[in-house]
Every structure is written in structure tokens, then in C-alpha cells.
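The values are calculated or read from the model by the stated rules, or taken from the named source; none is laboratory data. Remember, it's a predicted structure, so these values are computed and weren't measured experimentally. When we count neighbours, we look across all protein chains shown, and the Cβ atoms used for this are built from the backbone with ideal geometry, even at glycine. Accessible surface is based on the protein model in full, side chains and every heavy atom, while ligands, DNA and RNA are left aside. Shrake-Rupley method; radii C 1.70, N 1.55, O 1.52, S 1.80 Å.
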There are 2 protein chains.
Amino acid sequence: MTTTKFLLDESRMPRHWYNIAADLPVALPPPLHPGTMQPVGPDDLAPLFPMELILQEVSTEREVPIPEPVREVFKLWRPAPLFRAHRLEKALGTPAKIYYKYEGVSPAGSHKPNTAIPQAWYNAQAGIRKLTTETGAGQWGSSLAFAGALFDLDVKIFQVRVSYDQKPYRRALMETYGATCVASPSNETNSGRAILAERPDHPGSLGIAISEAVEVAATHDDTKYALGSVLNHVLLHQTIVGQEAMLQMEMAGDDPDVIVGCTGGGSNFAGIVFPFLGQQLRGGGKTKKRRIVAVEPAACPSLTRGKYAYDFGDTSHLTPLVKMHTLGSTFTPPGFHAGGLRYHGMAPLVSHLKQLDLIEATAYTQNECFAAGVLFGRTEGIVPAPEANHAVKGAIVEALRCKAEGRSEVILFNLCGHGHFDMAAYSNFHAGKLVDQQYDEKELAMALAGLPSVPA
Amino acid sequence: MTTTKFLLDESRMPRHWYNIAADLPVALPPPLHPGTMQPVGPDDLAPLFPMELILQEVSTEREVPIPEPVREVFKLWRPAPLFRAHRLEKALGTPAKIYYKYEGVSPAGSHKPNTAIPQAWYNAQAGIRKLTTETGAGQWGSSLAFAGALFDLDVKIFQVRVSYDQKPYRRALMETYGATCVASPSNETNSGRAILAERPDHPGSLGIAISEAVEVAATHDDTKYALGSVLNHVLLHQTIVGQEAMLQMEMAGDDPDVIVGCTGGGSNFAGIVFPFLGQQLRGGGKTKKRRIVAVEPAACPSLTRGKYAYDFGDTSHLTPLVKMHTLGSTFTPPGFHAGGLRYHGMAPLVSHLKQLDLIEATAYTQNECFAAGVLFGRTEGIVPAPEANHAVKGAIVEALRCKAEGRSEVILFNLCGHGHFDMAAYSNFHAGKLVDQQYDEKELAMALAGLPSVPA
């Protein structure tokens with residue numbers, strides 16, 4: 001059986017990120033200040049982010065240059081390979097062609113360093129010496145820790161307590177890179193203390209950890225905050241994935257009919273999708289119409305079951321309000337293994353595109369997704385991260401549809417990370433102990449009923 | 001800071017393995033039959049291995065072709081990158097140039113698939129449907145499981161019980177690839193039952209697990225055995241590492257003065273070293289003389305403290321005797337984290353080269369090695385496997401010597417795997433809980449006194 005791998009020469013690694021804001025048919029609704037409910041300006045964000053990142057957040061320029069020092073670090077693992085999944089196609093007996101972009105080649109094992117490196121660099125350029133952030137299972141935290149090590153920044157990471165206690169291995173990775181991990185909720189912030197006062201054994205959540213990290217940055221002049229997904233500039237940084245994939249699909253002589261990505265906050269999905277979608281938006285009727293499919297966990301289905309509304313990004317309501325598909329900021333997803341997809345909201349850009357019917361969304365349970373990941377590992381050799389298993393599942397569903405319809409479509413998906421840190425979850429899956437926990441419908445209804453009211 | 005990565009085009013991936021037996025100044029002492037103490041012939045090995053691998057084991061041809069189907073699978077991750085460690089050099093303040101070949105890019109995260117894939121392929125070609133092997137922490141077992149999945153072989157892995165119980169994550173990886181893991185000593189073999197009868201809670205050892213895997217293969221016609229290191233054909237398969245590195249060093253315009261590798265059974269060391277050493281052996285005085293340094297754990301120091309003598313490869317004495325540096329087949333190394341280096345013996349070829357003074361050997365404790373690995377992770381971004389930390393430590397020692405001597409030597413080392421499965425060990429290191437266990441001198445003396453007597 002042939003292996004077909006498409007590698008770009010380093011000289012062809014993109015020099016610009018692609019900003020989909022330049023090509024949107026309808027402008028993105030602005031973020032609102034949590035006090036005034038008025039659109040936030042760059043100055044409102046200045047306590048949290050360096051100005052270069054704020055300008056990227058609001059930019060409508062189509063191309064944003066990637067700084068040379070950032071590209072130099074990217075060369076440690078980029079350009080990332082794109083593969084044709086011949087062995088998976090054969091196992092499925094599908095006439096479809098399946099391609100995957102593999103982002104697990106980074107030192108942190110996922111796509112997250114694509115934004116961690118530029119965020120650390122822009123902060124270092126602005127004279128910042130300390131960063132705070134939050135992390136769940138630790139993919140984002142370990143990526144920012146890696147970036148901090150390379151640009152000599154102190155990184156403090158509020159890690160959701162249940163992960164801090166139960167998954168010490170990614171914490172060890174963060175510490176190996178020199179970062180400090182704190183279990184959240186913690187006693188280091190007002191947000192954390194308030195929650196611990198109510199419930200000393202609180203297991204934590206991403207929303208709470210965001211509140212803590214934001215509070216520390218907002219109250220310390222020498223400290224800024226970094227977020228691993230959701231925001232426009234984070235999605236912008238991930239577009240290098242799709243830009244490379246476009247060049248690699250050209251090498252392959254194929255053009256995707258369907259593009260699949262998993263969605264938690266939306267960044268790896270945006271990374272692979274936006275450059276292709278932008279081409280279509282600019283081309284009008286002249287460009288091939290591609291289906292774009294977001295795959296989310298059935299236990300945290302913001303795009304498929306959430307409400308498109310203004311909501312807070314965190315639990316303590318310190319962040320601006322953004323318009324997004326949300327399950328409500330008080331919603332706590334059940335404890336499934338794809339920690340990177342356990343977030344109540346969704347990137348405003350991804351939500352906006354869903355609202356404009358430019359993308360589709362679907363949801364699968366974790367057992368279906370792990371079964372897909374195991375098949376992928378046994379055929380293609382790479383064992384995917386639990387998050388990436390959702391994209392694998394989505395691609396397999398499309399390939400089997402092609403088989404049923406006798407169509408030879410071209411399917412492209414983003415394999416956003418390897419599963420080497422997540423073998424405990426595979427262990428449970430093999431032992432038949434992986435439960436498809438469902439969220440509580442009443443809790444969801446309450447969380448949605450509690451969405452903030454925003455003047456029209 | 002610049003990143004310098006040397007990538008070979010797929011078209012330049014080697015088509016032959018390099019066999020150092022063709023260039024040895026003195027022939028390798030033959031393996032002996034455990035019953036007759038006479039040199040073993042190919043037929044003696046036929047119950048364990050397919051004939052193609054046996055012929056490779058005894059071949060003196062300089063070039064052995066790599067089968068095309070094996071090269072196709074290698075393309076999933078090969079050619080593997082070679083990096084200049086600019087950031088590490090800067091942190092050390094050394095005038096030396098440090099290069100590293102990175103083998104952690106394989107789906108199993110280490111160099112082991114370089115031999116697992118051809119071993120599985122040759123067995124499949126010979127009509128074999130079942131393989132047995134042993135594994136400690138699981139790097140080798142997961143690699144053979146991966147290879148078995150691609151060539152549709154049932155793989156049964158005897159995993160040292162202490163690892164089976166304490167490190168379930170690599171076991172999960174083996175099971176994800178469809179292999180079966182059995183804790184060793186087990187009740188499935190005479191070797192295992194004999195040991196359990198004496199001590200029901202025996203923690204196991206690689207020597208015992210080898211006995212069990214060999215016994216199953218020897219007593220089942222449809223089953224063969226596969227070994228992940230030590231044997232000539234295994235080292236042969238790893239030479240693709242050094243052959244690629246030679247081409248990449250040419251691209252870099254540098255020629256190594258010192259080559260460093262870690263040694264357990266000897267396969268990753270041989271892989272990077274043999275092609276360079278062969279060039280030197282063939283060139284006589286005309287070729288640059290390079291220093292070649294094997295780095296082993298101070299707690300299992302076969303090359304630096306063992307005896308060069310005929311010994312068994314396993315505990316139950318089912319294997320042929322080979323002449324090697326050995327601590328005695330009854331020696332049990334203390335439980336340090338570099339599981340891949342916990343073996344009483346050493347590859348006969350590596351031992352022979354040491355005996356001929358063609359290579360040097362040195363030993364470091366695990367805390368020194370982890371400290372080196374942490375520095376490497378913080379500067380170069382890749383967190384090494386505990387085994388690879390020994391090579392990192394060796395390279396750093398050479399670089400600091402260059403600094404002290406004011407010499408700008410070229411150092412090359414093999415970074416044979418990433419540490420993503422080994423973060424528990426890093427966790428202990430960060431917590432100051434990593435103990436430098438020393439072996440028992442009395443036990444070593446007894447094990448050495450008990451070496452088999454072999455007629456001269």
C-alpha cells in the first residue's frame with residue numbers, strides 16, 4: 001500500500017495569516033463592554049493584551065504578516081505534513097478520497113503552538129514578562145508554557161482542578177517548560193476565593209479558570225493574559241494550517257468537496273477552514289462550493305443546541321460579552337475526555353458563519369468518536385487526541401455517505417493533535433468503561449434562560 | 001534566533017540498510033547453541049524467525065535492500081528531521097555546534113518502528129500470522145503492535161509486570177493498535193509458571209519476558225518471535241537513521257567530531273553510529289577519525305561495568321549465548337525510568353566495537369539525565385524520552401568540554417524518542433522525588449560469577 005505524504009518546502013511556509021474578516025458578507029457583531037453594554041474599543045482590552053494583538057483582533061485587513069522570529073520557531077515543526085489516508089479509505093471501502101492535515105507534529109503534540117508562539121512573541125516585544133492563562137486537560141497550557149520558555153516569559157496557568165488532580169502528566173509537561181500551574185478555583189484571586197467560599201471542593205471549570213487568569217492580568221501591570229481559542233486573533237493565527245493545506249491540496253491535484261474539523265472554542269476548525277472559505281467568499285459563484293462541517297461533542301453541543309446570543313466568556317463575568325452560540329456561561333459540561341472541547345461557548349467568527357449558513361454543524365458521542373480514532377490508529381498509524389477523534393468521526397461519516405451514494409468526493413480534515421497524553425481515555429474505551437455522559441437538559445434550559453439581556 | 005532543520009526529500013530516503021559486518025576488522029564471535037555450546041546455524045533459529053531475517057542476522061553483505069512495502073510505510077514519518085540545536089548551544093555558551101537527529105516523529109514516538117515494520121513485513125511475507133515479543137515500559141511493544149496493525153499480524157506482548165501495573169498508558173497504545181498484552185511472569189508459559197511458583201508476586205524483568213515470548217514462538221508453528229534490540233538484524237534496520245543523518249550533515253556542510261547515542265540493547269546507538277563508523281573503517285587513515293560515545297545509565301552499566309563474555313539473553317536460558325558486555329542474566333537492574341535501557345546485556349556488535357576500542361562508553365545517573373532533558377525541552381522545545389535524556393546529557397558534557405577547551409567541535413546525537421508517555425517521571429523529577437537508585441554490588445558480583453562457562 002502506497003503512502004502519500006505532501007510536504008511543503010520551508011520556503012513555501014506562509015508569510016501572512018489570512019483574516020476572514022476582510023471577506024465576510026456581513027460584519028461580525030462587536031464585543032460589548034460588560035459594564036456599559038457598548039462596543040468595546042482597543043483601550044478597553046489594553047489591560048489584558050498587548051496592542052499588536054488587539055489590533056489583530058479588530059483588523060479587517062485580509063493579510064496579516066507573520067513576524068520572522070515567529071516563523072523561525074514554527075520551523076521546528078512546520079510546514080506540517082498532509083497525508084492521503086489510503087489505508088483508512090481501503091478499510092472503509094469508500095470511493096471517497098480522504099486527506100488529513102496533521103498538526104500533532106509540534107513539540108506540544110497539537111495545533112495550539114500555532115497561536116501560543118505569536119502571542120508570546122508579541123507580548124515579549126511589548127516588554128511584558130509575565131503571562132497568565134487557563135487550561136483544562138492542558139493542551140493549551142503546555143503550548144503556552146513551551147512558547148514562554150522560548151521567549152523567556154514567566155507563564156502562570158490556572159488549570160481546572162479536576163484535570164490538575166487527575167491528569168498530572170500534562171502538568172508535568174507545563175512544569176518541564178518552566179511554567180507554574182495552579183489548581184483552579186484557587187485562593188489567588190477574588191473570583192477563585194468567592195467560588196471556594198461557596199463550595200471548597202469545587203472541581204473547577206474552564207469558565208472559572210478564565211476568570212482567575214483574566215483577574216490576575218487585569219490587576220497586575222506587568223502581566224497580560226493569553227487565550228488559546230475563541231478570539232479573532234487566535235483563529236487568525238491558526239489559518240497557517242489551512243493556507244498550507246491549500247498548497248498541499250494543489251500538490252495532490254485535488255480540491256476538497258467537504259472539509260471537516262472538530263470544534264470546542266473553534267480555533268483548529270477555523271485554522272483549516274477559513275482560507276478555503278475565504279477563497280469561496282471572494283470568488284462568488286465562480287469558485288467551487290465546498291461543504292464545511294464542524295463536529296462537536298454531543299455532551300457539549302454549543303453549535304447544534306446552543307443559542308446564538310451575547311454571552312460572557314467566563315463564569316465570573318469579567319470578560320466582554322460576545323455574540324456566539326452558547327450553552328450559557330453557567331453551564332457545566334459533563335466530564336468527557338475531549339477536554340479541549342468542553343467550553344460553553346464558541347468562537348464568534350465560527351458562530352457568525354454558522355448563522356450565515358456558510359458552515360454546517362453536527363455532534364457525536366465520545367464512544368463513537370473513540371471507535372473512529374481506534375480505526376484511524378490501526379490503519380493510518382497515528383493515534384489521535386480525543387478532540388481530533390471528532391474530526392476523524394466526521395470524516396468517516398462523510399466517506400461512508402460517499403460509499404452509499406457511490407460518489408468519489410474529496411474529503412479533507414484536520415487531525416489537530418496526537419493522543420499520546422490521552423491513553424488513559426483509550427484504556428477506558430478498551431475496557432468498555434467509557435460512558436457517554438449526557439448533559440442535564442434542565443441545567444441547559446436554566447443556563448440559557450440566564451443569558452444576559454443586551455439592549456438591541 | 002534561527003531554526004535550522006535539515007529535511008531530506010522522500011526520494012533520498014535510503015534504499016539499503018548498511019551492514020557493518022562487511023567492514024569489521026575482526027569478525028564478530030558467533031552465537032552458541034545453549035545445549036551444544038557450538039555455533040548456531042540458520043536452522044537453529046528457524047523456530048523463532050523467518051529465514052529472511054536469519055539471513056540478515058548472519059549476512060556480511062555491506063548493503064541489504066530495504067523492501068519497497070517497508071519504505072512505503074516509513075514514508076508515514078521518514079525521512080526524519082535533523083536539527084542544529086542553536087538554542088541549546090546558546091544556553092550552554094559553547095563554541096561547539098550541536099546537531100540532533102530526531103526519531104520521535106514516528107507514530108509510536110520513538111525509533112523502534114524502524115525495525116518493527118520490516119520485522120512484521122518479513123514475517124507476513126513468510127506466511128506467519130502471529131508474533132510474540134516482550135516489552136518493558138512499552139516503546140518496543142507499541143511499535144511492534146503498530147507494525148502488526150499495518151501488516152495484519154496478531155501480536156502478543158509479554159509486558160514486565162511492574163510496567164503492566166504501573167504504566168497502563170503504553171499498554172493502552174498497544175491495545176489501540178490491536179495487540180494483546182500479558183503481564184509477565186504469566187501462567188501462559190513454563191518459564192512464567194516456574195517463576196510464579198517460586199514467587200507469586202514477582203515484578204518481572206525483561207529477561208523473563210523474553211523467555212516467555214521465545215517459549216511461545218518455539219512451541220507454536222504459526223508463531224514467530226520478534227526482538228526490539230540486541231540482534232544484528234535489528235541493529236541493521238536502525239542504520240537508516242545514520243544513513244539519513246550522513247546526508248543531512250552533508251547538507252549542513254559539517255562533519256561530526258563526536259557522535260553520541262544512548263545504549264540499552266544498543267539499537268538506536270548502532271542506528272546513528274554504524275554508517276559513520278563504517279565509512280571510517282573503510283577509509284583507513286584517509287577518513288576523519290570521529291569519537292563515538294555510548295551513554296548508559298549508571299544503574300545498569302553493562303558497557304562500563306559489565307564483563308565481555310558469552311551469556312544468555314534471557315533469564316530461563318532459552319536463547320543462544322552471545323558474546324557481549326553483560327551484567328549477568330540473573331542481574332536485576334533497579335527500577336529507574338529509562339525502561340528501554342534496563343537490560344543486563346548489550347548488542348554483540350556494540351560490545352565487539354567497544355572491545356576493539358572503536359567506541360567509548362560512559363554512564364550517568366538518572367537525575368543528571370533528567371536535568372539535561374529539561375534544559376533541552378526549555379531550549380529546543382522537544383521533551384525527550386528518559387532514554388534519550390542520556391544522549392542529551394552525553395552531548396551536553398561534550399559541548400561543555402568544548403567550551404572549557406575553547407574548541408568548536410561538531411557534536412551529533414540521536415534523540416531517539418519524545419517523552420510524552422513518560423511525564424510521570426518528569427513529574428517526580430520536578431517534585432525532587434526522583435531517586436538515583438544504585439544497583440547492588442554484591443548482586444552484580446554474584447551475577448557475574450554465575451556467567452556460563454564456555455569451552456575456549
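On the given criteria, is A:Ala149 modelled with pLDDT under 95 and either within 14 Å of chain B (Cβ to nearest Cβ) or closer than 26 Å to B:Ala80 by Cα (or both)?
Taking the combined requirement at face value, the residue does not satisfy it.
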Can you work out which of the residues in the range B:102-123 that are more than 12 Å from B:Gln238 (Cβ to Cβ) and among the hydrophobic types (A, V, I, L, M, F, W, C) is surrounded by the most Cβ atoms within 10 Å (Cβ to Cβ)? B:Ala108
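Look at the range A:350-380 and say how many of its residues are within 14 Å of chain B (Cβ to nearest Cβ) and not polar (S, T, N, Q). Before the answer, list the steps.
The initial filter retains those residues of the range A:350-380 that are within 14 Å of chain B (Cβ to nearest Cβ), namely A:369-380.
Applying the additional criterion that residues be not polar (S, T, N, Q) yields A:369-378, A:380.
The number of residues fulfilling the criteria is 11.
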Failed criterion for B:Ala124 (all others in (1) within 16 Å of B:Tyr177 (Cα to Cα); (2) in a helix (DSSP H, G or I) hold): (1)
Taking the range B:389-440 and keeping residues among the polar types (S, T, N, Q) and either under 21 Å from the mean Cα position of the chain (by Cα) or under 18 Å from B:Glu296 (Cα atoms) (or both) leaves B:Asn389, B:Asn414, B:Gln437, B:Gln438
Among (1) out of contact with any Lys or Arg (no Cβ under 8 Å at 6 or more places or on another chain); (2) crowded, with 24+ Cβ neighbours inside 10 Å - the single one B:Ser143 does not satisfy: (1)
For the structure I just gave you, tell me whether A:Asn414 is open to solvent by less than 10 Å² (accessible area, probe 1.4 Å) and either within 20 Å of A:Val293 (Cα to Cα) or away from chain B (no Cβ under 14 Å) (or both). yes
So A:Ala294, is it open to solvent by 10 Å² or more (accessible area, probe 1.4 Å), on the phi < 0 side of the Ramachandran plot and part of a strand (DSSP E or B): no
For the range B:334-357, indicate whether the set of residues that are closer than 21 Å to B:Gln139 by Cβ, open to solvent by 10 Å² or more (accessible area, probe 1.4 Å) and β-branched (Val, Ile, Thr) is non-empty. no
Anything in the range B:175-195 that is at the interface with another protein chain (Cβ under 10 Å from one of its Cβ atoms) and assigned to a helix (DSSP H, G or I)? List them, or say none. B:Glu175, B:Thr176
Could you grab me the full set of residues in the range B:370-385 that are open to solvent by less than 40 Å² (accessible area, probe 1.4 Å) and either touching a Leu at 6+ places or on another chain (Cβ under 8 Å) or closer than 15 Å to B:Leu88 by Cβ (or both)? B:Phe370, B:Ala372, B:Gly373, B:Val374, B:Phe376, B:Gly377, B:Thr379, B:Glu380, B:Gly381, B:Ile382, B:Val383, B:Pro384
Of all residues in the range A:59-85, how many are in contact (Cβ under 8 Å) with a residue 24 or more places away in the chain, open to solvent by 30 Å² or more (accessible area, probe 1.4 Å) and in a helix (DSSP H, G or I)? 1
With within 14 Å of another protein chain (Cβ to nearest Cβ), modelled with pLDDT of 95 or more and farther than 20 Å from A:Ala270 by Cα as the only criterion, which of A:Pro79, A:Pro69, A:Pro113 stands out? A:Pro69
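Name the residue that is nearest to A:Ala425 (Cα to Cα), counting only residues in the range A:152-165 that are of a type outside the set (D, E, K, R) and within 13 Å of chain B (Cβ to nearest Cβ). Show your work before the answer.
Applying the first criterion (of a type outside the set (D, E, K, R)) to the range A:152-165 yields A:153, A:155, A:157-160, A:162-164.
Okay, now just the ones that are also within 13 Å of chain B (Cβ to nearest Cβ), so A:153, A:155, A:164.
Working: A:Leu153: 32, A:Val155: 28, A:Tyr164: 16 Å.
Checking each candidate, the answer is A:Tyr164.
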In the list B:Ala137, B:Ala172, B:Ala149, which residue meets the criterion of being in a loop (DSSP other than H, G, I, E, B) and touching a helix residue (DSSP H, G or I) at 6+ places or on another chain (Cβ under 6 Å)? B:Ala137
Within the set of pairs 6 or more residues apart or between chains, which connect a residue that is within 12 Å of chain A (Cβ to nearest Cβ) inside the range B:419-445 to a residue that is in a loop (DSSP other than H, G, I, E, B) and open to solvent by 20 Å² or more (accessible area, probe 1.4 Å) with Cβ atoms less than 6 Å apart? B:His420/A:Phe421; B:Ala425/B:His337
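Filter the range B:303-337 down to the residues that are hydroxyl-bearing (Ser, Thr, Tyr), closer than 30 Å to B:Asn428 by Cα and in contact with a helix residue (DSSP H, G or I) (Cβ under 8 Å, 6 or more places away or on another chain) and list them by number. I'd like the intermediate steps shown before the answer.
First pass over the range B:303-337, keeping only residues hydroxyl-bearing (Ser, Thr, Tyr): B:304, B:308, B:310, B:315-316, B:319, B:326, B:329-330, B:332.
Then keep just the ones that are closer than 30 Å to B:Asn428 by Cα; that gives B:304, B:326, B:329-330, B:332.
If the condition is that a residue be hydroxyl-bearing (Ser, Thr, Tyr), closer than 30 Å to B:Asn428 by Cα and in contact with a helix residue (DSSP H, G or I) (Cβ under 8 Å, 6 or more places away or on another chain), then B:Thr326, B:Ser329, B:Thr330, B:Thr332 are the ones that fit.
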So, B:Lys403, is that one touching a strand residue (DSSP E or B) at 6+ places or on another chain (Cβ under 7 Å) and among the basic types (Lys, Arg) or not? no
So which residues in the range A:378-432 are touching a Cys at 6+ places or on another chain (Cβ under 6 Å) and either under 26 Å from B:Ala145 (Cβ atoms) or of a type in the set (Gly, Ala, Ser) (or both)? A:Glu387, A:Ala388, A:Asn389, A:His390, A:Ala391, A:Lys393
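Having 3 or more residues that are in contact with a helix residue (DSSP H, G or I) (Cβ under 8 Å, 6 or more places away or on another chain) and of a type in the set (Asp, Glu) is the bar; report the helices (runs of 4 or more DSSP H) wholly within the range A:341-434 that clear it. Give the derivation first.
Working: elements: A:348-355, A:366-380, A:386-405, A:423-430.
Qualifying helices (runs of 4 or more DSSP H): none found.
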B:Ala218: among the aliphatic types (A, V, I, L, M) and either surrounded by fewer than 22 Cβ atoms within 10 Å (Cβ to Cβ) or without any contact (Cβ under 8 Å) to a residue 40 or more places away in the chain (or both), yes or no? yes
Go through the range B:1-58 and give me each residue that's open to solvent by less than 20 Å² (accessible area, probe 1.4 Å), hydroxyl-bearing (Ser, Thr, Tyr) and not in a strand (DSSP E or B). B:Thr3
Answer from B:Val230, B:Val160, B:Val155 - the residue that is surrounded by 22 or more Cβ atoms within 10 Å (Cβ to Cβ) and farther than 27 Å from B:Leu55 by Cβ: B:Val160
Please count how many residues of the range A:381-411 are of a type outside the set (A, V, I, L, M) and within 14 Å of another protein chain (Cβ to nearest Cβ). 4
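Listed here are the residues, each with its yes/no results for (1) touching a strand residue (DSSP E or B) at 6+ places or on another chain (Cβ under 7 Å); (2) within 30 Å of A:Pro42 (Cβ to Cβ); (3) modelled with pLDDT of 95 or more.
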| site | (1), (2), (3) |
| --- | --- |
| A:Leu206 | yes, yes, no |
| A:Ala217 | yes, yes, yes |
| A:Thr223 | yes, yes, yes |
| A:Leu235 | no, yes, yes |
| A:Gln243 | yes, yes, yes |
| A:Asp255 | yes, no, yes |
| A:Ile272 | yes, yes, yes |
Criterion violated by A:Glu134 - all others in (1) under 21 Å from A:Phe49 (Cβ atoms); (2) within 13 Å of another protein chain (Cβ to nearest Cβ); (3) in contact with a strand residue (DSSP E or B) (Cβ under 7 Å, 6 or more places away or on another chain); (4) of a type in the set (Asp, Glu) satisfied: (2)
Can you tell which of A:Gly283, A:Gly264, A:Gly278 is open to solvent by less than 10 Å² (accessible area, probe 1.4 Å), at pLDDT below 95 and of a type in the set (Gly, Ala, Ser)? A:Gly264
